[in-house]
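The structure appears right after this line, and notes come after that.
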Amino acid sequence: MARIVVLGAGIGGVPMAFEMKEVVKKKHEVIVISDSPTFHFVPSNPWVPPKWRKPEDLKIELAPVMKKKGIEFIQKAAVKLDPVNNKVHLADNSSVDYDYLIIATGPRLAFDEVPGLGPEGYTSSVCHVDHAALAAQDWDKFMDDPGPIVIGAVQGASCFGPAYEYLMILETELRKRKIRDKVAMTFVTSEPYIGHLGLGGVGDTKGLLESALRDKTIKWITNAKVDRIEDGMMYVTEVDDNGEEKTKHELPFKHSMMLPAFTGVDAVRNVEAEGLVNPRGFVIVDEHQRNPTFKNIYSVGVCIALPPVEKTPLPVGTPKTGYMIESMVTATAHNIRDELEGKEPSDVPSLSALCLADLGDTGVAFLAVPQIPPRNTTWSSHGKWVHAAKIGFEKYFMRKVRKGISEPFYERMMLKLMGVVRLK
């Protein structure tokens, strides 16, 4: 009996555990290690600060779900990987041995790379549900004394969608409260243009998002390098197409949320053995999601290494979105099953993207097959239906987690009719 360890229990780790157990059933052992007792539905974090959601609405206790599926759940923090000896060392000085390891930790939030950035500095965050809860407190203070708002993503960021969502959700909330006229809003991003999203744009995301910002009288600064943040003031250098300084900006704010760059988590990025991670601590994988050096280690989700889709004046990472991650999950489960049966891995994830971005009372949807260009299919649209669809997706995904299901047959069939599949 092989021991398969999944490190992490987020958007990638939880479906990974469910699908891996479904594939191997009782023949092999599946173990999940997580520093949190709960699963968090991260895509809904931007709804927490304006009280559209409570933090507890987005959490699911993992131990009962895992027990029901026959998966061992270890709620402890991992502090170090030892890929040479096939061990995961935990914070209580214990360790877990594995035959196969699937790294699904998500990222480390690199707030430290910009002075004053993050919840311990002067800006809010919606990257974690606990950060969103702190942002809600900051939002309450803001409502007592409204003023300028600055939202965006710093240089090196690879996840831009939540910044656009949070910006437009707050704009909608201000209009509902009849105080939008009291608040100047600015979007600051390292993207070379609005709607780039780290993907070179998808369909007409440039036009759709620029139009949305113009319609709501929101100013923007692209190719923006955030130099530092002080209490109530952000210092930004706008660069030209060659990355040379163009304009200096001093942006006052009463409320700000800036997405950080990511790195690998400490337990992974500080591994002593060479060949597991790149210089930023992201796990190196081949087309089968397997590490080329340590062939019993796979990785899925935000923690894998992907190159930028194109050269940009400032560092802009490639996002790893929901359905793209799910395709990694399915490929990994199938490939480990094949290895257990004495075969070589053969399944390759489609890396397709099907995204719903809520913009308060409307939204933008896009489909990219695959997510990274060149693409076979590119489509984007907008409308109030996207806002409703995002709410529906939240309920649906959390129901899947509670039921311990990765991909119901009806979901697979419906998406296949749209030309969206998990495997190439």
Q: Give the residues of segment 260-282 that are small (Gly, Ala, Ser) and part of a loop (DSSP other than H, G, I, E, B), sorted by residue number.
A: ALA261, GLY264, ALA273, GLY275, GLY281
(Q) Just to be sure I understand, how many residues within segment 93-109 are without any contact (Cβ under 8 Å) to a residue 24 or more places away in the chain and not in a loop (DSSP other than H, G, I, E, B)? (A) 1
Q) In segment 58-92, which residue that is free of Cβ contacts under 8 Å to residues at least 12 places away in the same chain and in a helix (DSSP H, G or I) is farthest from ASP144 (Cα to Cα)? A) LYS67
(Q) Which pairs turn up if I take residues in segment 36-57 that are open to solvent by 20 Å² or more (accessible area, probe 1.4 Å) and look for partners that are at pLDDT 95 or above and among the basic types (Lys, Arg) with beta carbon separation below 7 Å, at least 6 apart in sequence or on another chain? (A) HIS40/LYS59
Q) Would segment 225-235 turn up any residue that is within 21 Å of GLY161 (Cα to Cα) and open to solvent by 10 Å² or more (accessible area, probe 1.4 Å)? A) yes
Q | So GLY243, is it more than 25 Å from the chain's Cα centre (by Cα) and either free of Cβ contacts under 8 Å to residues at least 24 places away in the same chain or under 19 Å from GLY121 (Cα atoms) (or both) | A | no
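Farther than 25 Å from GLY342 by Cβ, of a type in the set (A, V, I, L, M, F, W, C) and open to solvent by less than 50 Å² (accessible area, probe 1.4 Å): which single residue out of ILE102, ILE74, ILE4 fits that description? Can you show your working first?
Numbers: ILE102 fails: farther than 25 Å from GLY342 by Cβ; ILE4 fails: farther than 25 Å from GLY342 by Cβ.
None of the others qualify; the one that does is ILE74.
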Q) Of all the residues that make up segment 283-317, how many are part of a loop (DSSP other than H, G, I, E, B), of a type in the set (Val, Ile, Thr) and modelled with pLDDT of 95 or more? A) 7
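Among the residues in segment 114-122, are any part of a helix (DSSP H, G or I), open to solvent by less than 30 Å² (accessible area, probe 1.4 Å) and not acidic (Asp, Glu)? Quick ask: steps written out before the conclusion?
Residues of segment 114-122 that are part of a helix (DSSP H, G or I), as a first pass: none.
The answer is no; no qualifying residue exists.
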Q. Does LYS206 fit the bill of being surrounded by fewer than 23 Cβ atoms within 10 Å (Cβ to Cβ), in contact with a Phe, Trp or Tyr (Cβ under 8 Å, 6 or more places away or on another chain) and of a type in the set (Lys, Arg)?
A. yes
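Right, LEU356: part of a strand (DSSP E or B), buried (at least 20 other Cβ atoms within 10 Å of the Cβ) and at pLDDT 90 or above or not? Give the steps one after another, and end with the answer.
Values: part of a strand (DSSP E or B): yes; buried (at least 20 other Cβ atoms within 10 Å of the Cβ): yes; at pLDDT 90 or above: yes.
So LEU356 passes the test.
Using the structure shown, decide if LEU367 is under 18 Å from PHE393 (Cβ atoms), open to solvent by 20 Å² or more (accessible area, probe 1.4 Å) and at pLDDT below 95.
On the way: under 18 Å from PHE393 (Cβ atoms): yes; open to solvent by 20 Å² or more (accessible area, probe 1.4 Å): no; at pLDDT below 95: yes.
When the stated conditions are applied, LEU367 does not pass them.
Kindly provide the set of residues from segment 286-306 that are β-branched (Val, Ile, Thr) and either open to solvent by 30 Å² or more (accessible area, probe 1.4 Å) or in contact with a Cys (Cβ under 7 Å, 6 or more places away or on another chain) (or both), ordered by number.
Going residue by residue through segment 286-306, those that are β-branched (Val, Ile, Thr) are 293, 297, 300, 302, 304.
Hits for segment 286-306 are THR293, VAL302.
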**Q.** segment 176-199, residues that are in contact (Cβ under 8 Å) with a residue 24 or more places away in the chain and open to solvent by 10 Å² or more (accessible area, probe 1.4 Å)
**A.** ARG177, ILE179, LYS182, ALA184, THR186, PRO192, TYR193, LEU197
Q.
Condition (residue is assigned to a loop (DSSP other than H, G, I, E, B), touching a residue at least 12 places away in the same chain (Cβ under 8 Å), of a type in the set (Lys, Arg) and open to solvent by 60 Å² or more (accessible area, probe 1.4 Å)) applied to segment 414-424: is it met by at least one residue?
A. yes
Q: Select from segment 370-408 the residues that are in contact with an Asp or Glu (Cβ under 7 Å, 6 or more places away or on another chain) and of a type in the set (Gly, Ala, Ser) and write down the one among them that is surrounded by the fewest Cβ atoms within 10 Å (Cβ to Cβ).
A: SER380
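The values are calculated or read from the model by the stated rules, or taken from the named source; none is laboratory data. Because the structure is predicted, anything quoted here is derived from the model rather than measured. Cβ coordinates were reconstructed from backbone atoms using ideal geometry, including for glycine residues, and neighbour counts include every protein chain displayed. Surface areas here come from the heavy atoms of the whole protein model, side chains and all, with no ligands, DNA or RNA. Shrake-Rupley method; radii C 1.70, N 1.55, O 1.52, S 1.80 Å.
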